[in-house]
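To start, the structure under review is shown below, and the notes come after it.
The values are calculated or read from the model by the stated rules, or taken from the named source; none is laboratory data. None of the values given here were measured: they were computed from a predicted structure. As a convention, Cβ positions derive from the backbone with ideal geometry for all residues, glycine included, and neighbour counts pool all protein chains shown.
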Amino acid sequence: MGVCRARNRFVVGTICSMMVLSLVLAASPWALAAESSAGRVPDEEAYGVTTQDGVSLALRRYQPEPGAGFEEDRQPVILMPGMLGNFNYFDIRTPPGESYCVELPDGAQVDEYIENDPMKYYSMAHFLWNQGYDVWLANYRGEGRAPYRSEGATGYSIDDVGIYDMPAIISKVYDVTGEHPVWIGHSMGSTMAYIYLEGAKYGEGKNPHVVSDEGLVAERNGTTEGPQSLKGFVDMDGPMIPMGGSLPDLAIVWLALYAPWYIELRPLLATVGEYGAPVVGLANTVSWYIYKSLGMPNLSLLNTLYTINASNMDSEVLKYGAEYCLDGVSTRALAQYADAVAHKAFREDYLNGGFNLMAPDPRSGDGYFYYTDNLGLISLPALVLADSTEDITSPEDIENFYDGKTPTDLDEFFEVPNTAHIDLVMGLNGPTITFPEIAEWLDELCASD
């Protein structure tokens, strides 16, 4: 492992640090070098769909290389990234023109594609494709790199992606395959599923608030069959109430997040990912070990700095992640999570109630729809995975979703050891723990028919 491992962990904090930078950095005039990151792709992989509110979204049906084929007539699964990110972090690979120094662990399970590109060893999409699943990757509004960049880079809320984007994506996969897919979401990619599975839609007429539709609850949870039905749900560390204490409940925070706009990071990341990652990564590695030596205490909002377990990341994978996986974020999505942190309840965007410069304190009869109060509407079989660190999420909050939904015989909660929020998906133990856990549960779900 020599030279490669010596470089390993040197850039391990890049993604985490970029998440922090996203709160203060806006659009840049720098060239969008990373826009060509995906290279040329076969036309048969690319799919588009338009949401009810007119936004075009990009999907990709996975095959490891042109001509390799899709897993036709197999169970489709949809991989959805979290806040700030695109689906590239489910599809780790070496983009054209790049070179990564990755040495696989002894005994690693490889196929011909991994032999040609060792980065694919850490690809969840490739792992599930190898297990015989029809893998789809989707970018919600505002996210993605060319040629899979979705439109709608505006001030969208988490409500918007749950109410508009998910139905469009799921219906498209069902239309193409004729099978009800399994939703696999990481972070906000799971939080939006809470909204979807609770049958959320926007009120009609003069009602500006989110409401739950009984018919949508039944269809989306598979009680009745329809194009929006899901077969199952894999929740990968999807927060309801992120970590952060009371710090977000400050006037300056609400003022900064009030205007609905999109913080564009692609130009910055194209440069920082290439040149600044080693310095930032070393700083994060040192801070992580100090944090661990202190017993990993609850540091309130500072816990968001520890979303990567330094011992569970390959530095080359982190470099790829910094350059190709982060895009931008909506202020309204950030505000909705900040509201949850400050008030210990996840509800619809508080701007749905009209002019509120600051998120109002929850009160009975305030008109807002509280997702945390309606988890019992979710009855779909679910595998719930939590990382083992109190970082931007806590294992207890993730388990609260598991405990709050209507239980099924196939429900399972699993805390993945030695992980933090980001490396739960991209970490060294992904191919040996996280991915097999998901595949085993999917096998049980499919066998239950």
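Given the structure, is residue 208 within 30 Å of residue 148 (Cα to Cα), at pLDDT below 95, assigned to a loop (DSSP other than H, G, I, E, B) and not β-branched (Val, Ile, Thr)? When the stated conditions are applied, residue 208 does not pass them. Considering (1) in contact with a Phe, Trp or Tyr (Cβ under 8 Å, 6 or more places away or on another chain); (2) under 29 Å from residue 104 (Cβ atoms), the lone condition that residue 416 does not fulfil carries the number (1). Could you check the range 137-173 and list, in sequence order, the residues that are in contact with a Pro (Cβ under 6 Å, 6 or more places away or on another chain) and either under 15 Å from residue 62 (Cβ atoms) or part of a loop (DSSP other than H, G, I, E, B) (or both)? Correct list: 155, 173.
Taking the residues in the range 252-271 that are within 22 Å of the chain's Cα centre (by Cα) and in a helix (DSSP H, G or I) as candidates, determine which candidate is modelled with the highest pLDDT. Walk me through how you get there before you give the answer.
Taking the range 252-271 as the starting set, the residues that turn out to be within 22 Å of the chain's Cα centre (by Cα) are 257, 260-270.
Add one more test, that the residue is in a helix (DSSP H, G or I), and what stays is 257, 266-270.
Working: 257: 92, 266: 87, 267: 82, 268: 79, 269: 71, 270: 67.
My answer is 257.
I'd like the full set of residues that are hydroxyl-bearing (Ser, Thr, Tyr), within 23 Å of residue 110 (Cβ to Cβ) and touching a residue at least 24 places away in the same chain (Cβ under 8 Å), limited to the range 419-449.
Of the range 419-449, the ones hydroxyl-bearing (Ser, Thr, Tyr) are 419, 432, 434, 448.
The next check asks that each one be within 23 Å of residue 110 (Cβ to Cβ); those that pass are 419, 432, 434.
Across the range 419-449, the qualifying residues are 419, 434.
Every condition in (1) crowded, with 18+ Cβ neighbours inside 10 Å; (2) within 22 Å of residue 253 (Cα to Cα) is met by residue 354 except one, and the failing one is (1). Using the structure shown, decide if residue 102 is outside any helix (DSSP H, G or I) and in contact with an Asp or Glu (Cβ under 8 Å, 6 or more places away or on another chain). Criteria met by residue 102.
Collect the residues in the range 60-88 that are within 15 Å of the chain's Cα centre (by Cα) and under 19 Å from residue 193 (Cα atoms), keeping them in residue-number order.
Here is the first cut: in the range 60-88, the residues within 15 Å of the chain's Cα centre (by Cα) are 77-88.
Selection gives 77, 78, 79, 80, 81, 82, 83, 84, 85, 86, 87.
Against the definition (in contact with a strand residue (DSSP E or B) (Cβ under 7 Å, 6 or more places away or on another chain), part of a loop (DSSP other than H, G, I, E, B) and closer than 21 Å to residue 406 by Cα), how does residue 230 come out, yes or no? Lay out the reasoning, then the answer.
Numbers: in contact with a strand residue (DSSP E or B) (Cβ under 7 Å, 6 or more places away or on another chain): yes; part of a loop (DSSP other than H, G, I, E, B): yes; closer than 21 Å to residue 406 by Cα: yes.
In short, yes.
Kindly establish whether residue 238 is assigned to a loop (DSSP other than H, G, I, E, B) and modelled with pLDDT under 95. The answer is no for residue 238. Screening residue 249 against (1) farther than 23 Å from residue 402 by Cβ; (2) charged (D, E, K, R); (3) outside any loop (DSSP other than H, G, I, E, B) leaves a single unmet condition, (3). Entry remark, the range 359-403: residues being among the acidic types (Asp, Glu) and buried (at least 18 other Cβ atoms within 10 Å of the Cβ) number 4 in total.
Scoring residue 184 on the criteria (1) surrounded by fewer than 23 Cβ atoms within 10 Å (Cβ to Cβ); (2) within 23 Å of the chain's Cα centre (by Cα) leaves a single failure, condition (1).
Residues in the range 208-251 that are under 18 Å from residue 181 (Cβ atoms), in contact (Cβ under 8 Å) with a residue 40 or more places away in the chain and exposed (fewer than 14 other Cβ atoms within 10 Å of the Cβ): 223, 225, 227.
Would you mind finding the one in 262, 196, 258, 202 that is surrounded by 16 or more Cβ atoms within 10 Å (Cβ to Cβ), farther than 30 Å from residue 181 by Cβ and either of a type in the set (Phe, Trp, Tyr) or in contact with a Pro (Cβ under 6 Å, 6 or more places away or on another chain) (or both)? Steps first, please.
On the way: 262 fails: farther than 30 Å from residue 181 by Cβ; 196 fails: farther than 30 Å from residue 181 by Cβ; 202 fails: farther than 30 Å from residue 181 by Cβ.
So the residue among 262, 196, 258, 202 that is surrounded by 16 or more Cβ atoms within 10 Å (Cβ to Cβ), farther than 30 Å from residue 181 by Cβ and either of a type in the set (Phe, Trp, Tyr) or in contact with a Pro (Cβ under 6 Å, 6 or more places away or on another chain) (or both) is 258.
When you scan the range 162-174, do you find a residue that is modelled with pLDDT of 95 or more and surrounded by fewer than 18 Cβ atoms within 10 Å (Cβ to Cβ), even just one? Within the range 162-174 (the criterion being modelled with pLDDT of 95 or more and surrounded by fewer than 18 Cβ atoms within 10 Å (Cβ to Cβ)), the answer is yes, since at least one residue qualifies.
Residue by residue, here is whether (1) closer than 16 Å to residue 203 by Cα; (2) of a type in the set (D, E, K, R); (3) more than 28 Å from the chain's Cα centre (by Cα) holds:
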position	(1), (2), (3)
348	yes, yes, no
354	yes, no, yes
360	no, no, no
363	no, yes, yes
367	yes, no, yes
370	yes, no, no
373	no, yes, no
376	no, no, no
382	no, no, no
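In the range 395-410 there is no residue matching the filter, namely being more than 22 Å from residue 198 (Cα to Cα) and of a type in the set (Gly, Ala, Ser). Per the listing 380, 385, 424, the residue uniquely part of a loop (DSSP other than H, G, I, E, B) and among the hydrophobic types (A, V, I, L, M, F, W, C) is 380.
Is it the case, given these coordinates, that residue 327 is closer than 29 Å to residue 104 by Cα and touching a helix residue (DSSP H, G or I) at 6+ places or on another chain (Cβ under 6 Å)?
Working: closer than 29 Å to residue 104 by Cα: yes; touching a helix residue (DSSP H, G or I) at 6+ places or on another chain (Cβ under 6 Å): yes.
Criteria met by residue 327.
Among the residues of this structure, residue 150 does not count as one that is more than 28 Å from residue 69 (Cβ to Cβ) and touching a residue at least 60 places away in the same chain (Cβ under 8 Å). Cβ separations smaller than 6 Å between residues 6+ apart or across chains give the following pairs from the range 342-371 residues that are free of Cβ contacts under 8 Å to residues at least 40 places away in the same chain to residues that are part of a helix (DSSP H, G or I): 350/339; 356/350; 362/343.
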